[in-house]
1. Search segment 161-183 for residues that are farther than 12 Å from Thr222 by Cβ and hydroxyl-bearing (Ser, Thr, Tyr) and pair each with any residue that is assigned to a helix (DSSP H, G or I) and at pLDDT below 85 when their beta-carbon atoms are under 9 Å apart and the residues are at least 6 apart or on different chains.
2. Find the residue count for segment 157-214, including only residues that are more than 23 Å from Pro225 (Cβ to Cβ) and of a type in the set (Ser, Thr, Tyr).
3. Restricting to helices (runs of 4 or more DSSP H) lying wholly in segment 157-252: which have 3 or more residues that are over 22 Å from the mean Cα position of the chain (by Cα)?
4. Does Ala168 count as within 20 Å of Glu236 (Cβ to Cβ) and either at pLDDT below 85 or among the small types (Gly, Ala, Ser) (or both)?
5. Of the residues that make up segment 63-80, is at least one at negative phi, in the same structural domain as Gln35 (by TED's automatic domain parsing), surrounded by fewer than 19 Cβ atoms within 10 Å (Cβ to Cβ) and hydroxyl-bearing (Ser, Thr, Tyr)?
6. Which of the residues spanning segment 14-29 are under 17 Å from Cys111 (Cβ atoms) and either part of a helix (DSSP H, G or I) or in contact with a Lys or Arg (Cβ under 7 Å, 6 or more places away or on another chain) (or both)?
7. With the requirement that a residue be modelled with pLDDT of 80 or more and closer than 19 Å to Leu157 by Cβ, what does segment 191-215 give you?
Amino acid sequence: MKMRYLMIFWVLVTVFLSLEYLALHGFVKRDSLLQALLCGRLNLCRKLPPEAGKPLSYALGWLGFCVMALTNLYILRKRMISLQKVGSLQNWLNWHIFFGMLGPTFILFHCDFKVRGLVSISFWSMVVSFLSGIVGRYFYMQLLQGKGLLKQRIEALEKGFDQYQQIAGPKIQGQAMLAAKAYAFAMAGGVQGADLKAIGPIHFLARSILGEVRMAFSLPPTPWPESRAFRQKLKEWAILRRRLLSTHYYHILFGYWRSFHTPFAIWMYIVAVIHIASSLVFKV
């Protein structure tokens, strides 16, 4: 399933839980849909308290922990030979990220937005793991396309630019086309030559992210009046060329990310298990 559909579902779940939270706490004048459902279907018409330690909190906690545990299916898919041909790795990664977003959402409502004690250690480890997972996906997407495929797409775009320039004739001078490409490349956060070797991985990452954001909301200009379709192609060319020239940086950053993301994820599970065990044994 595509990531945007999973993101939409996560947003809908978050909105629903937020509305239920406000209704159960009495912050808004509306009935709780969850309480109405339990009353109508299961005849459980008593009040449904949202505070931590109550039945609803326990249910959200178990649900959040189980969803977080499902993120490990992606790791099994990568390492178990018997699962190598089950679905595409990209789809498994999408579900890994989705579960990594949905689980913390349930946990946040499970603790009623009150994080303290032993739970806080697991919670903030979960938050760090969640945020670093988003960054990791960005690195992964940059490395997903091989250099050969990137070169083919760039060459196809450049060939199209040359043909377009020949058709346009004196309207587009060679220097103007070079200037448009250079500006688009810089706008996408690209660097080359001595500058590429001079900057460090963190500086490069900041430039790349800024370039992605800039390109997401605007198109590169041209020294001559030009159509939106051409500027879209220029944008695509600039982003692909930046990825091609900077692939080695992403390999370095991806290695740093693994060393950062994995320990927090492991620590999160260890503390979560201790929290669950203490809750079951001591009823706290």
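1. none
2. Within segment 157-214, residues that are more than 23 Å from Pro225 (Cβ to Cβ) and of a type in the set (Ser, Thr, Tyr) number 1.
3. Filter on segment 157-252 gives 174-187, 194-198, 228-245.
4. Numbers: within 20 Å of Glu236 (Cβ to Cβ): yes; either at pLDDT below 85 or among the small types (Gly, Ala, Ser) (or both): yes.
The answer is yes for Ala168.
5. Filtering segment 63-80 for residues at negative phi gives 63-80.
Among the residues that remain, those that are also in the same structural domain as Gln35 (by TED's automatic domain parsing) are: 63-80.
Among the residues that remain, those that are also surrounded by fewer than 19 Cβ atoms within 10 Å (Cβ to Cβ) are: 63, 66, 69-70, 72-73, 75-76, 78-80.
Pick out the ones that are also hydroxyl-bearing (Ser, Thr, Tyr) and you get none.
The answer is no; no qualifying residue exists.
6. As a first pass, look at segment 14-29 and keep what is under 17 Å from Cys111 (Cβ atoms): 14, 17-18, 20-22, 24-25.
Scanning segment 14-29 gives Thr14, Leu17, Ser18, Glu20, Tyr21, Leu22, Leu24.
7. Of everything in segment 191-215, those that are modelled with pLDDT of 80 or more and closer than 19 Å to Leu157 by Cβ turn out to be Gly211, Glu212, Met215.
This table checks each residue for (1) in contact (Cβ under 8 Å) with a residue 12 or more places away in the chain; (2) more than 16 Å from the chain's Cα centre (by Cα).
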residue	(1), (2)
Met3	yes, no
Trp10	yes, no
Val13	yes, yes
Glu20	yes, yes
Leu24	yes, yes
Phe27	no, yes
Arg30	no, yes
Gln35	yes, yes
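The values are calculated or read from the model by the stated rules, or taken from the named source; none is laboratory data. As the structure is a prediction and not an experimental result, all values here were calculated from the model. All Cβ positions, even for glycine, are placed from backbone atoms using ideal geometry, and neighbour counts span all protein chains on display.
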